[in-house]
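The structure under discussion appears below in the form of structure tokens.
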Amino acid sequence: MKRLAILGSTGSIGKQTLDVVRAFPKDFRVVGLAARNNLELLASQVQEFRPSVVSCRGSREKMAPILSTGCEACDMEEMAGHHQVDLVMMATVGEAGLGPTLAALQAGKPVALANKEVLVMAGGLVTSLAQKTGVELLPVDSEPSAIWQCLRGEDRRVSRIIITASGGALRGRSIEELARVTPQEALRHPTWRMGQKITIDSATLINKAFEVIEAHWLFDAPWDRIEVVVHPQSIIHSMVEFEDGSVKAQLSPPDMRLPIQYALFYPDRVSNESISRFDPVAVGSLTFEPLDHESFPCFRLALDMAKRGGTWPAALSAADEVAVELVLSGRIGFLEIEKVIKEVLKDHHPVMEPSIDDILDASRWAREQAGRLVEV
Ligand code: MG
């Protein structure tokens, strides 16, 4: 039985992780649950799973009903390194996942990583710490999971990684049309049900750049060997081409519970009746098209920053987090996401070969800058 800490348990990945736990009650015990603000859902999860430790942002007073079940309050770093925990599911969003991921790795706990900003901000530091401590980073994002599955059993004679992209909610729209997009339209993802931040990031395609960055760090893949192709059906989750020209792909209907389950059970595969199966005839055709860089410039912008290295991608990621919040609250338009990020980066003084503190400083700075831009 694996004992799990689920950080971000009230978010989309957190809830689906608990679904997997419900389907396999003999294989997992939940010992830690962490949420940000959704105390109501956290309380019901605590009632159901009876963890030893909980973490959330509420006051002690507000947390009283949760703590009355006998669990203890702690912060996310403590939970990630807790002695009862065998595996940490990092299902938080944005910068919040960075500290706990490092804490888990330092404590020798394997991390199932859904929080992609962790690798965007600090991919070099996180992967080298994992290597040093000999702890596994298990990808949960569907594309890195697909690459991981394709690489299994291979001796890494890889010539190309091809990451697929649904194209997001706004695929096919011109710049003029994008200028009038509402947050509701940008949140209407055609194939995946996900949290708000990642759905907006999918609409700008910055999410796809983040996945290239994840693949770069997780699989030690050179930038020029990672390509992206738009595949609107979201059936092929990514492909790997080997030196002989043969290509392996991982296919399944879009359901995050599959990559979650794969990471939780790795190296085993188990049958889960509630996850639907691929039906080739029903799907009919799988199509591919190039990325539209003109309408979705954030993809290239994010990759350029990642290639520059240092604190550039951390500043970019933080500026994007703020810009997405501003779009969701209706304070800026969809096309202004790129403008906010660019404006912030214009004044960034990078630290090359940064420490974690340098990365967190860059992130804090970028947040403040992005916030200030909108005030004036
Ligand atoms: Mg993905």
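A single member of L125, L67 is on the phi < 0 side of the Ramachandran plot, at pLDDT below 95 and out of contact with any Leu (no Cβ under 7 Å at 6 or more places or on another chain), and it is L67. Would it be correct to say that I198 is open to solvent by 10 Å² or more (accessible area, probe 1.4 Å), within 14 Å of the ligand (Cβ to nearest atom) and of a type in the set (A, V, I, L, M)? Yes; evaluated as a whole, the condition is true for this residue. When A370, A366, A315, A282 are checked against the criterion of being under 24 Å from A179 (Cβ atoms) and modelled with pLDDT of 95 or more, a single residue qualifies: A370. Among the residues making up the stretch 1-30, those that are free of Cβ contacts under 8 Å to residues at least 40 places away in the same chain, open to solvent by 60 Å² or more (accessible area, probe 1.4 Å) and not in a helix (DSSP H, G or I) are M1, P25, K26, R29.
Select from the stretch 57-92 the residues that are touching a Pro at 6+ places or on another chain (Cβ under 8 Å), part of a loop (DSSP other than H, G, I, E, B) and within 20 Å of A130 (Cα to Cα) and list them in ascending order. Hits for the stretch 57-92 are D86, T92. The set of residues from the stretch 313-330 being within 18 Å of A186 (Cα to Cα) and of a type outside the set (S, T, Y) comprises D320, E321, V322, A323, V324, E325, L326, V327, L328, G330.
Every residue, every condition in (1) touching a Leu at 6+ places or on another chain (Cβ under 8 Å); (2) within 16 Å of the ligand (Cβ to nearest atom); (3) hydroxyl-bearing (S, T, Y); (4) in a helix (DSSP H, G or I), yes or no:
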position: S202; (1), (2), (3), (4): no, yes, yes, yes
position: E214; (1), (2), (3), (4): yes, yes, no, yes
position: Q233; (1), (2), (3), (4): yes, yes, no, no
position: S238; (1), (2), (3), (4): no, yes, yes, no
position: E241; (1), (2), (3), (4): no, no, no, no
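Inside the stretch 31-66, residues that are of a type in the set (A, V, I, L, M) and open to solvent by 70 Å² or more (accessible area, probe 1.4 Å) make up a count of 0.
Could we say that R50 is basic (K, R) and over 25 Å from G108 (Cα atoms) here?
On the way: basic (K, R): yes; over 25 Å from G108 (Cα atoms): no.
No; evaluated as a whole, the condition is false for this residue.
Annotation for the stretch 286-305: at least one member residue is modelled with pLDDT under 95, among the hydroxyl-bearing types (S, T, Y) and surrounded by 13 or more Cβ atoms within 10 Å (Cβ to Cβ). Using the structure shown, decide if A209 is assigned to a loop (DSSP other than H, G, I, E, B) and modelled with pLDDT of 95 or more. Judged against the criteria, A209 is not a match.
Scoring S246 on the criteria (1) of a type outside the set (D, E, K, R); (2) touching a residue at least 60 places away in the same chain (Cβ under 8 Å); (3) more than 14 Å from the ligand (Cβ to nearest atom) leaves a single failure, condition (2).
Only one of the listed residues (S276, S252, S238) is under 16 Å from T191 (Cα atoms) and open to solvent by 40 Å² or more (accessible area, probe 1.4 Å). That residue is S276. If the condition is being farther than 19 Å from R308 by Cα, assigned to a helix (DSSP H, G or I) and of a type in the set (A, V, I, L, M, F, W, C), then the stretch 318-339 contributes V322, A323, V324, L326, V327, L328, I337.
Annotation note: of L303, L328, the sole residue that is touching a residue at least 60 places away in the same chain (Cβ under 8 Å), farther than 21 Å from L119 by Cα and under 19 Å from the mean Cα position of the chain (by Cα) is L328. In this structure, does E227 turn out to be surrounded by fewer than 21 Cβ atoms within 10 Å (Cβ to Cβ), out of contact with any helix residue (DSSP H, G or I) (no Cβ under 6 Å at 6 or more places or on another chain) and free of Cβ contacts under 8 Å to residues at least 40 places away in the same chain? No. Flag: V344 matches the condition of being over 20 Å from the mean Cα position of the chain (by Cα) and open to solvent by less than 10 Å² (accessible area, probe 1.4 Å).
The values are calculated or read from the model by the stated rules, or taken from the named source; none is laboratory data. The structure presented is a predicted model; accordingly, all values stated were derived computationally and were not measured. So basically every Cβ, Gly included, is an ideal-geometry build from the backbone, and we count neighbours across all protein chains shown. Just the protein is used for accessible areas: all its heavy atoms, side chains included, with ligands, DNA and RNA removed. Shrake-Rupley method; radii C 1.70, N 1.55, O 1.52, S 1.80 Å.
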